[in-house]
Amino acid sequence: MVYSSSSVMAESRFGSNLFFLKRQLLWLVVGSLAGYLMYKIDLKKLSAYSVPLLFVTLILLAMVFLMPARNGSHRWLFLGPFSVQPSELFKLVVIIYLAFSLSQKKRDITQWKQFLYPYGPFIAIGLVLIILEPGLGSAITISLTVLIIFFLAGARLFHLAAFILPMGSMAAFMVFVLGYKSARVYDYIASIKSPLLGSYQVKQAVLTLGAGGLFGSGIGNGRQKLFFLPYPHTDFIFASIGEEVGFVGLMAVLALFYVIIWRGMKIARYQPDRFGYLLAMGVTSSIFVSVLVNICVVTALLPTTGIPLPLLSYGGTSLIVSICSVAILLNLSKRRGMVVR
Amino acid sequence: MISMKSRFNKVRLLFLYVVITAVWVILLARLGSIQLVHGSEYGEKARAQSSGKTKVQAERGIIYDRTGREVAINVVGSSLSAYPRNKSEVNKANRYLDRINGWKSGTSRKKYKLEPERFRWIKRDLSDKLAIQIAADSVDGLYLRKGLRRDYPFNEVGRQIIGNTNIDYQGLSGFEYNHDSLLAGLPGLIDFLRDGKNNTYNLREVPLVKPVTGKSMVLTLDWYFQEIVEDELKSAVKEYNAISGTAVFLDCFTGEILAAADYIENSTSGVLKLRAVSDCFEPGSVLKIATMAALLDENLVDLEEKIYCENGLWQCGRRRLRDDKKHDTLDIQQIMELSSNIGIGKLAQRLGGEKLKDVLYKFGFGQQLRVDLPGEASGAIGDPGVWSEYNIAALAMGQSISTTPLQLAAAVGAVANGGELYRPHVIKGIIDSDNRTIKYMEKEFIGRVIEEDNAEILRSFLTGVVERGTATPAQSSIISIAGKTGTAEIPDPENGGYIKNKFNASFLGYFPAEKPRIAGIVILHQPEPVHYGGHTAGPAFKRMAERYSIANSDLLKPNTHLKADGNDCEMIEVTDFVGRDYEFAKTMALRDGLTLKTNRESGLVVWQYPPANRKIPGSEKIAVLVDSNDDDNIVMADLVGLNMRTALALLNYQGIDFEFEGCGIVKKQFPKVGEKISKTTKCRLVCGNS
C-alpha cells in the first residue's frame, strides 16, 4: 500500500517510484530485528531500565528543536539520510515505564499523591515538548494511552476526571471565549456533518474514500494520490487504501486491527502478573488509540492532526515502534502458561 | 471498590472492551456513510477534480481570394495563464513575471493582482521564443496553453470585408462574424486526467469526438486589386482633401465583386462597415447613365437632334435648373459628355416621372440587391406625388434618389456588358478541408436593363466622357476607361434643400472601354477646393484601373508594350528557380537562355516572376529575390531592363510602394541598385519602350 500510494509522489520528488518502498523495506528489516529482540528479551529486566530510557527519550525530544523543520514542524531527528521521530519512541517507553512502575507492590494508585507525583512531571514535560513540536496528534494519542493505562491500573475516576476536566474546560474557554483558532473549530464542527465543508485535507480524504465505494478502484488505480490527497502514504494512507480496495477492503483492515486488539486484551488477561497485564494493555491501547485517532481524522470526525496509522503508514520510527509493540505482545503471550495465583 | 490484590479490574477491562467494540462500530458506520451512502456523490466529485472532458478547438476554415491567395489563415499560438493554488505560488508567479518582463519587482503584483485559486489570463499569443522559455521554466501557478488563432497574411487589406475574430477565435465582425457557423466548424471532445498540481494528461491519442474543421470560403475579391483600391482611395482622399471615400469594383459579366474599400480620414474607430453596401447617398450626374439608357430603349431620342440648353439657366416651372457651364445647343452625346443637367432634364420630360422610375427600379435602384454582404441598404427613389417638370428633371439627373455605390457599379456593369444586370456577390464558393467543392455560386442574372445595341451607343457616350467630356483627367495612356462623372450636392437632412458648397464627387465607369471587363465607382465625400467628380474621383479611378491592369496585362490597350504576348518572337518556358542557390540559378538561366535580375548575388532564391512553367518572350528578363531573412533591411533590387509588370510584381512582393512614369521597360530606378531601403520607401521607376 505504501508503494501504491507513494509511487507517483516518489517519482515526482526523487525520480524513482520505488523510493519510498525501498526505504520502507529497509525499515521493515530494521524493525524485524528490533521486534525479534523485543520478542526474545526478558521484558521485566528491560523494564528495570525504563527510567534511564525515559530520560534518554526526553533528551531526544528536546533535541528535535535543534534540528531543521520539515513541513513546518520539528518532529524528526536527522541521522544522515534517515530520520527518527522521538515522540513515537517516547510513547513506547512511557508505556513500559508505567507498566513497570504501576506494578510495584508499594504503589497505591488510588492515593492522589502516589498518582500525581511520580508520573505527573515527566509525562507533562514530554507532552509539552511534543505539543511544541508541534505534534498535537501525538500528544493526544499519548495522553489517551496513558489515561487508559491509569484507568486500567485502578486509578480513581475522580482523579482521572481531575486531570481531564481542567484541560478540557481550559481548551473550551480558549476556543469559545477568547476566539483562539475558533474559526478552525467551527469549521471542524461543520465538517463532521458535511465533510466537504472542512479543510482541503479533510475534503480530499473524504472524496478519496468516497471514490472507493464498495469495492474500490483496484490496487494501483487510485487517482487521488495524484497530488490531490496530501500525505497519501503516511497520515492519510487509510484513505488511499479505501480508494483502491473500497469499503470491503477497509472492513478487512478494521477487522485485522480489531483482531490485534482483541488478541492483545486476551494476552493481557492471561498475564501472570500486574506488570504483564499493564504492559500488554498499554501496548494494545496505544495501537487502539493510534488507529482510532488516525481513522477519525481521515473520516472527518477529528480535526487534522498528523499521526501515522500503525503498521501501515510509511515512516521508519512508526513502523519499528509498531512492530516492537506487536513483538512485546507476542513476548508476553509466552508467559501465558506461567499461571500464578 | 478496587482491589489492589487482583492483577486487574475485570469491570474496567470489560468496559474498555465495550468501548473499543463500540468505537469500531462507529468507525464502520462512518465509513459506510462516506463510501456507500455518499460514495457515488463523493466519487463523482473526486473524478470531476481529477478528470474531465474538454472541448478541442476545431480549425477555422480558410478564406481565399479569387486567385487562391490565403487571406485568413490559422496559426498556433501559446497563451500564458495563472492559476496559483496558494500564496506561495502567487509570490513565485509574480517574481517570475517580473523577471521575464524585466520589470522592477512588485510590478506584476500590481498589474495582475493574482490571488490563490483564481484563474487569470496573463498574455495571449506569446512569441515562440518566450513560449519555449516559459515552458522550460515551468513555474508553479503559471500555465501555458496552446491554441489556434487567426492570422491575416494581408494584414489590414480587405479587413472591412472579412472582419476579424476575437481573442477566443470566434468571429467578431465582417465575414468572420456573419459566416461564423460555417467557418467555425464543430469542436471535438477530449477526455483527460488532471493531477492536484493541475498537470493534465490526455487519456488517449485520438479525441473522443473529432473536431470538424470549418468550411473554407473562396471570395470573388482579388486581394491585389483590393490592396490597390484601398491604397489609391486613401491617397485620393488625402490628395483631394475629402473627408472620406468609397470604392467598389465588380466583374461586369458575373457581378463578382473584385474590390470594395472604404476610407475615412481621421477616423478614430476605423471603418467598421462597408459603406459601398451599407450607405446610401444621392448619386447626382452618374445616374444620367440610367436616364439615357431609358431614353434610348424607349426610342425617345434621335442621335442627330440638338437640344437647346438655355445658356445654363432653365426656368423649369417655378424653379430654376442650372448647368455648370453655359451651353447653347448640344446633341445627345454632348449632353452626356458635358453632363448638362438642362439637357437631360428636358429629355427626361419625354419619359415622364413614372416611366423613369420604372426604369430605375429595373436597374436595381430603390431595392436591396440581396448581396451576400451584411447590412445592405436598399436606397429609395423619391415619389413626389405630382410629377412636375422640375421633379422629373431632378430625378433624371440623380437627385431625389438615394442609392448605394454598389447599386451604381452593378448598373454600369450591366451597361458595359451589353445590358444584363447580374447580382453582385462576394462569395465564389465554399470548399471543405479536403478542397472538395461544397457549393459553387453561379452568376445570377437579374434582368435586362437596356437593349444590346442601345448599350453600345450609350458606351460610346461614356467613352466620350473620358476622351472629351467632364472626365478627361481620367484618361490613361495604358488603359482605356469609360464612365460618367458625378458632382452631387449633399442633401441637408435638417433644413431640407442642399448643403452649400459641399459635394460628393464620383466617377462611375468601367474598363477597358472597348471590351469592358471591370465596372466600378469611386466616390470622394466633400473634396475641396476642387469638387468635380471628373477631377477628383476620375483620376483616382484611373490610377486604380492602371495599377490593376499592369498586373493583368490582357486588359491593357492593344498598342501598350506591357502586353506579354509577342507571338512574333520565340517563346521560352520559365525555369523554376525557387529554392536554388543563386549561383546555380544563374547557371540554369544561362543554359535556358534567360536573364536574371536580383537583389543580391548570393543566397537562396525565394521568389521569382514570371513563375515557373510560364511561356514568355525570349527578350523578357526574370526577376528573382534572394532570401535576406531581414525584413528591416531590404536591398533595392536591380529592376532596370525588367518589364513593368515584372518590376511591379517584385516591388509588390517586397511590399514597397512605387510610382512610375511612362510604360514598357524600366529605364531608370530610384533608389539605385543595392541601396538599403525600408517598407516605407517609395520607389520611382522611369519606363519607356526599348
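The values are calculated or read from the model by the stated rules, or taken from the named source; none is laboratory data. As the structure is a prediction and not an experimental result, all values here were calculated from the model. Cβ coordinates were reconstructed from backbone atoms using ideal geometry, including for glycine residues, and neighbour counts include every protein chain displayed. SASA here: full protein model, heavy atoms, side chains in, ligands and nucleic acids out. Shrake-Rupley method; radii C 1.70, N 1.55, O 1.52, S 1.80 Å.
Pick from the range B:508-561 the residues that are in contact with a Cys (Cβ under 7 Å, 6 or more places away or on another chain) and at pLDDT 90 or above: which of them is most open to solvent (accessible area, probe 1.4 Å)?
Among residues in the range B:508-561 that are in contact with a Cys (Cβ under 7 Å, 6 or more places away or on another chain) and at pLDDT 90 or above, the one most open to solvent (accessible area, probe 1.4 Å) is B:Arg517.
Of the residues in the range A:118-166, how many are within 14 Å of another protein chain (Cβ to nearest Cβ), open to solvent by 30 Å² or more (accessible area, probe 1.4 Å) and part of a helix (DSSP H, G or I)?
Number of matching residues: 5.
Can you name the residue in the range B:39-69 that is at pLDDT 85 or above and in a strand (DSSP E or B) and is also nearest to the other protein chains (Cβ to nearest Cβ) among such residues?
Looking at the filtered set, the residue picked out is B:Ile63.
Going by the conditions given, is A:Ile219 open to solvent by 50 Å² or more (accessible area, probe 1.4 Å) and more than 8 Å from chain B (Cβ to nearest Cβ)? So that I can check it myself, show each step before the final result.
Working: open to solvent by 50 Å² or more (accessible area, probe 1.4 Å): yes; more than 8 Å from chain B (Cβ to nearest Cβ): yes.
Here the answer is yes, as A:Ile219 does meet what is asked.
With the requirement that a residue be outside any loop (DSSP other than H, G, I, E, B) and of a type in the set (Phe, Trp, Tyr), what does the range B:134-169 give you?
Going through the range B:134-169, the residues outside any loop (DSSP other than H, G, I, E, B) turn out to be B:134-137, B:142-151, B:159-162, B:165.
Listed by number, the list holds a single entry, B:Tyr143.
Considering only the range B:451-496, state which residues are farther than 23 Å from B:Glu282 by Cβ, open to solvent by less than 50 Å² (accessible area, probe 1.4 Å) and among the basic types (Lys, Arg).
Within the range B:451-496, B:Arg459 is the sole residue that qualifies.
Residue check, B:Ile450 against (1) touching a residue at least 60 places away in the same chain (Cβ under 8 Å); (2) within 25 Å of B:Arg517 (Cα to Cα); (3) part of a loop (DSSP other than H, G, I, E, B); (4) within 26 Å of the chain's Cα centre (by Cα), all met but one. Which one?
(4) is the only condition that B:Ile450 fails.
Here's the yes/no breakdown for (1) open to solvent by 40 Å² or more (accessible area, probe 1.4 Å); (2) within 15 Å of B:Ala46 (Cβ to Cβ); (3) hydrophobic (A, V, I, L, M, F, W, C); (4) at the interface with another protein chain (Cβ under 7 Å from one of its Cβ atoms):
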{"site": "A:Gln224", "(1), (2), (3), (4)": "no, yes, no, yes"}
{"site": "A:Asp235", "(1), (2), (3), (4)": "no, no, no, no"}
{"site": "A:Ser240", "(1), (2), (3), (4)": "no, yes, no, no"}
{"site": "A:Gly246", "(1), (2), (3), (4)": "no, yes, no, yes"}
{"site": "A:Leu250", "(1), (2), (3), (4)": "no, no, yes, yes"}
{"site": "A:Ala255", "(1), (2), (3), (4)": "yes, no, yes, no"}
{"site": "A:Ile260", "(1), (2), (3), (4)": "yes, no, yes, no"}
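Looking only at the range A:187-214, which residues are small (Gly, Ala, Ser), open to solvent by 10 Å² or more (accessible area, probe 1.4 Å) and in contact (Cβ under 8 Å) with a residue 60 or more places away in the chain? Give the derivation first.
Within the range A:187-214, the subset small (Gly, Ala, Ser) is A:190-191, A:194, A:198-199, A:205, A:210-213.
Retained after the next criterion (residues that are open to solvent by 10 Å² or more (accessible area, probe 1.4 Å)): A:190, A:194, A:198-199, A:211, A:213.
Across the range A:187-214, the qualifying residues are A:Gly198, A:Ser199.
Looking at the range B:149-193, which of the residues that are under 15 Å from the mean Cα position of the chain (by Cα) and basic (Lys, Arg) is most open to solvent (accessible area, probe 1.4 Å)?
Within the range B:149-193, the match that is most open to solvent (accessible area, probe 1.4 Å) is B:Arg159.
Kindly list, by first and then second residue, each pair from a residue in the range B:645-661 that is within 18 Å of B:Ile616 (Cβ to Cβ) and of a type in the set (A, V, I, L, M) to a residue that is open to solvent by 20 Å² or more (accessible area, probe 1.4 Å) and part of a helix (DSSP H, G or I), limited to pairs with Cβ atoms under 8 Å and residues at least 6 apart or on different chains.
B:Leu648/B:Arg547; B:Leu648/B:Ala551; B:Ala649/B:Ala551
Just give me the residues in the range B:636-659 being over 16 Å from B:Lys676 (Cβ atoms), surrounded by fewer than 21 Cβ atoms within 10 Å (Cβ to Cβ) and over 26 Å from the mean Cα position of the chain (by Cα), in sequence order.
B:Val640, B:Gly641 - these are the residues of the range B:636-659 that are over 16 Å from B:Lys676 (Cβ atoms), surrounded by fewer than 21 Cβ atoms within 10 Å (Cβ to Cβ) and over 26 Å from the mean Cα position of the chain (by Cα).
Considering only residues that are assigned to a loop (DSSP other than H, G, I, E, B) and buried (at least 24 other Cβ atoms within 10 Å of the Cβ), look in the range A:272-301 and name the one that is nearest to the other protein chains (Cβ to nearest Cβ).
Kept after step one, since they are assigned to a loop (DSSP other than H, G, I, E, B), are these residues of the range A:272-301: A:272-273, A:299-301.
Next, only the ones that are buried (at least 24 other Cβ atoms within 10 Å of the Cβ) stay: A:299-300.
Values: A:Thr299: 5, A:Ala300: 8 Å.
In this case the residue turns out to be A:Thr299.
In this structure, is B:Asn299 over 24 Å from the mean Cα position of the chain (by Cα) and outside any helix (DSSP H, G or I)?
Values: over 24 Å from the mean Cα position of the chain (by Cα): yes; outside any helix (DSSP H, G or I): yes.
Yes.
Go through the range A:203-231 residue by residue and tally those that are in a loop (DSSP other than H, G, I, E, B) and on the phi < 0 side of the Ramachandran plot. Even if it seems obvious, please write down each step before you answer.
Here is the first cut: in the range A:203-231, the ones in a loop (DSSP other than H, G, I, E, B) are A:213-231.
Still in the list and also on the phi < 0 side of the Ramachandran plot: A:214-215, A:217, A:219, A:221-226, A:228-230.
Summing the residues that are in a loop (DSSP other than H, G, I, E, B) and on the phi < 0 side of the Ramachandran plot in the range A:203-231 gives 13.
Does A:Leu250 satisfy the criteria of being of a type in the set (A, V, I, L, M), part of a loop (DSSP other than H, G, I, E, B) and under 22 Å from A:Ser318 (Cα atoms)? Please lay out each step first, then the result.
Values: of a type in the set (A, V, I, L, M): yes; part of a loop (DSSP other than H, G, I, E, B): no; under 22 Å from A:Ser318 (Cα atoms): yes.
So A:Leu250 does not fit the description; no.
Just to be sure before I move on: is B:Cys683 modelled with pLDDT of 75 or more, touching a strand residue (DSSP E or B) at 6+ places or on another chain (Cβ under 7 Å) and either assigned to a strand (DSSP E or B) or open to solvent by less than 40 Å² (accessible area, probe 1.4 Å) (or both) in the structure I sent?
yes
Do any residues in the range B:22-38 that are more than 7 Å from chain A (Cβ to nearest Cβ) have Cβ atoms under 9 Å from those of residues that are of a type outside the set (Gly, Ala, Ser), where the two are at least six apart or on different chains, and which pairs are they?
These pairs meet every condition: B:Ile26/A:Leu301; B:Ser33/A:Thr299.
Checking the structure you have, find out if any residue of the range B:96-103 is charged (D, E, K, R) and either assigned to a loop (DSSP other than H, G, I, E, B) or away from chain A (no Cβ under 14 Å) (or both).
Looking through the range B:96-103, at least one residue is charged (D, E, K, R) and either assigned to a loop (DSSP other than H, G, I, E, B) or away from chain A (no Cβ under 14 Å) (or both).
Return yes when A:Thr304 is within 13 Å of the chain's Cα centre (by Cα), open to solvent by 10 Å² or more (accessible area, probe 1.4 Å) and of a type outside the set (D, E, K, R) and no when it is not.
On the way: within 13 Å of the chain's Cα centre (by Cα): no; open to solvent by 10 Å² or more (accessible area, probe 1.4 Å): yes; of a type outside the set (D, E, K, R): yes.
Criteria not met by A:Thr304.
Mind checking which pairs have a first residue in the range A:125-138 that is charged (D, E, K, R) and a second that is outside any helix (DSSP H, G or I), Cβ under 6 Å, 6 or more apart or different chains?
A:Glu133/A:Ser73; A:Glu133/A:His74; A:Glu133/A:Arg75
With open to solvent by 80 Å² or more (accessible area, probe 1.4 Å), hydroxyl-bearing (Ser, Thr, Tyr) and either over 19 Å from the mean Cα position of the chain (by Cα) or under 30 Å from B:Ile264 (Cα atoms) (or both) as the only criterion, which of B:Ser79, B:Ser105, B:Ser127, B:Ser88 stands out? If you could, list the steps in order and put the result at the bottom.
Numbers: B:Ser79 fails: open to solvent by 80 Å² or more (accessible area, probe 1.4 Å); B:Ser127 fails: open to solvent by 80 Å² or more (accessible area, probe 1.4 Å); B:Ser88 fails: open to solvent by 80 Å² or more (accessible area, probe 1.4 Å).
That would be B:Ser105, the only listed residue that is open to solvent by 80 Å² or more (accessible area, probe 1.4 Å), hydroxyl-bearing (Ser, Thr, Tyr) and either over 19 Å from the mean Cα position of the chain (by Cα) or under 30 Å from B:Ile264 (Cα atoms) (or both).
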